[in-house]
Amino acid sequence: MFNLERRLRYWLYSEPTDMRKSFHTLCGLVRNKIGGDPMNGDVYIFVNKRRNRIKLLHYETGGMVIYSKMLDRGTFGMPIPGSKDVVLPQS
């Protein structure tokens, strides 16, 4: 069913993303801007300009999945380039 694990590779798209985008448009960003293959099993992370919404795009056996979260308050922190930080909510 839904399967996000540590062993997967996670890619953060560095530009703010319009959260109205869905499967096809996010796949287009992966192909055209990141240079990745949305069907390879990696997880692609997109954050909006205000950093209060996030979407994860992931292909699993049987189809594409989008995980989406909107914070009630605060923002998602952004990792320092080159670090192995994760994106966590900030107050």
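The values are calculated or read from the model by the stated rules, or taken from the named source; none is laboratory data. As the structure is a computational prediction, the values presented were derived from the model and not from experiment. A quick note on method: Cβ atoms are made from the backbone with ideal geometry, for glycine too, and the neighbour counts reach across all protein chains shown. Accessible surface areas use protein heavy atoms only, side chains included; no ligands, DNA or RNA. Shrake-Rupley method; radii C 1.70, N 1.55, O 1.52, S 1.80 Å.
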- Unmet requirement for Ile80, which otherwise passes all of (1) at pLDDT below 95; (2) under 18 Å from Asn3 (Cα atoms): (2)
- Item | Scope the stretch 32-74; condition outside any strand (DSSP E or B), under 14 Å from the mean Cα position of the chain (by Cα) and either charged (D, E, K, R) or on the phi > 0 side of the Ramachandran plot (or both); matching residues | Lys33, Asp37, Gly41, Asp42, Lys49, Arg51
- Pairs where the first residue, in the stretch 26-41, is farther than 14 Å from Ser14 by Cα and the second is assigned to a helix (DSSP H, G or I) and open to solvent by 70 Å² or more (accessible area, probe 1.4 Å), C-beta under 8 Å, 6+ apart: Asp37/Arg31; Pro38/Arg31
- Item | Checking Met39 against (1) among the hydrophobic types (A, V, I, L, M, F, W, C); (2) open to solvent by less than 50 Å² (accessible area, probe 1.4 Å); (3) closer than 18 Å to Asn3 by Cβ, the condition it does not meet | (2)
